[in-house]
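The values are calculated or read from the model by the stated rules, or taken from the named source; none is laboratory data. All of these numbers come straight from a predicted model, not from anything done at the bench. Here the Cβ positions follow ideal geometry from the backbone for every residue, glycine too, while neighbour counts run over all protein chains shown.
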Amino acid sequence: MTGPVVQGWCPGALRPMLSGDGLVVRVRLHGGRLPVAVAERLAFLSERFGNGLIDLSARGNLQLRGVTEAGHGALVAELAALGLIDESPQAEAMRNVLVTPFWRAGDGAQEIAAELVARLGEFPALPGKFGYAVDTGMVPVLRDAAADIRIEGAQDGVMVRADGMATGAVVGQGEVVDAVLELARWFVDAGGVSGGRGRMAALVARGAVPPGRFGAVPMRVVPRFVPKIARYSAGALVAVPFGQMEAGMLDGLAGFGDLRLTPWRMVLVESGWPDVPGVILYDDDPLLRVVACTGAPRCLQGLADVRGLARGLAAAVPAGKRLHVSGCAKGCAHPGVADVTLTATAAGFDLIRGGTAADAAVAAFTADELLARPEILTESFDAP
Ligand code: SF4
């Protein structure tokens, strides 16, 4: 049996990825923001050139699904008209900048992100997934999101920190990008890149120490941020099932105001409480206890329809527990450990307790068995 295929690059708009439902076209936003007019246009384009399904990515971007090879060029032209296309796939891959969704006008976050993007041409060649987190709000909220260089608020300025280090350099807002550039150059010079890959935290874990000033100030110690569906001062943070919207849902959300995308596959609506059909507005919604990937038939590697099963089983998942339903052992939707994982196989679903989609199963069932007897699942959460 062949295992899942691991792609060594991130899909973009210029270099889309082929999936079971056609091309996946990832649209990198600027500063994670989606003004109403852009959101409405993207909703239209997702139906005009794709199948109307739009994923929220863990990098705060959107993915238009089901795009045809024939329509890709025209879609790119439309995206270019919205200012969402870079000059090359390389430039697109480098624009990997996550911004706290809780930024406030004039607080510097968007300005730092914009300057960083404008100066990426000065940076050395970096691995495709190398990224930055502009996390300068009242408290850092992006520490669980992948990033190689972190930019966080500090008492007397802005901290620039290598991922994996507990210290950083504190600089003025106007010096932030220079400090980021210094760290990126050090990363390359210190041997952080190997075969076109490499992450900052891995380099630090190997004992490499960034230049002296990046060891000067301890980072702030704050409780781990857990995003909740709620009204925040920046807007209403809401969720969508499995991190995927239909075009009508995006259009409906845009009816309430400008949007900000997050690495939590949630959307922050800048004004109003978005009572849109399908949008998850309560933290106790059982759908939030279930993670499921695209699965079959939309993913070529999917061995079963996982979202239908996940919806059917959501109510059987106890509060505070997590069920991961995966279309194959690759586990795209949740690479980590879940309380219970169901991994599709040629014969049904493997049931894994306290592991990942690729771990050893303790039992196997068909989807019909699981749906007919949800207590199988409930008991699995209680098992020692
Ligand atoms: S985990 Fe799901 S989305 Fe990922 S390759 Fe397998 S079926 Fe496709």
Please give the number of the condition GLY278 fails out of (1) more than 8 Å from the ligand (Cβ to nearest atom); (2) in the same structural domain as ARG353 (by TED's automatic domain parsing). (2)
When you scan region 156-163, do you find a residue that is farther than 20 Å from ALA190 by Cβ and either at pLDDT below 95 or not assigned by TED's automatic domain parsing to the domain that holds GLY198 (or both), even just one? yes
Please work out if ASP283 is at pLDDT below 95, under 27 Å from PHE102 (Cα atoms) and either buried (at least 18 other Cβ atoms within 10 Å of the Cβ) or more than 16 Å from the ligand (Cβ to nearest atom) (or both). yes
Being within 16 Å of the ligand (Cβ to nearest atom), in contact with a strand residue (DSSP E or B) (Cβ under 9 Å, 6 or more places away or on another chain) and in a loop (DSSP other than H, G, I, E, B): is that true of GLY295 here? yes
Could you tell me which numbered condition GLU379 fails, if it satisfies all but one of (1) assigned to a loop (DSSP other than H, G, I, E, B); (2) over 21 Å from the mean Cα position of the chain (by Cα)? (1)
Hits in region 226-235 (condition: surrounded by fewer than 21 Cβ atoms within 10 Å (Cβ to Cβ) and either touching a Gly at 6+ places or on another chain (Cβ under 9 Å) or closer than 15 Å to GLY272 by Cα (or both)): ILE229, ALA230, ARG231, TYR232, SER233, ALA234
If LEU23 passes every condition in (1) free of Cβ contacts under 8 Å to residues at least 60 places away in the same chain; (2) touching a helix residue (DSSP H, G or I) at 6+ places or on another chain (Cβ under 9 Å); (3) closer than 22 Å to ALA113 by Cβ; (4) within 16 Å of the ligand (Cβ to nearest atom) but one, which one does it miss? (3)
Tell me which strands (runs of 3 or more DSSP E) are completely within region 1-114 and hold 1 or more residues being over 20 Å from the mean Cα position of the chain (by Cα) and surrounded by 15 or more Cβ atoms within 10 Å (Cβ to Cβ), or say none if there are none. 22-27, 62-67
Selection from region 354-369 of residues surrounded by 18 or more Cβ atoms within 10 Å (Cβ to Cβ) and touching a helix residue (DSSP H, G or I) at 6+ places or on another chain (Cβ under 9 Å) yields PHE365, ALA367
PRO223: surrounded by fewer than 20 Cβ atoms within 10 Å (Cβ to Cβ) and at pLDDT 95 or above, yes or no? yes
Residues of region 175-195 being within 14 Å of GLY131 (Cα to Cα), part of a loop (DSSP other than H, G, I, E, B) and of a type outside the set (Val, Ile, Thr), in sequence order, are GLY192
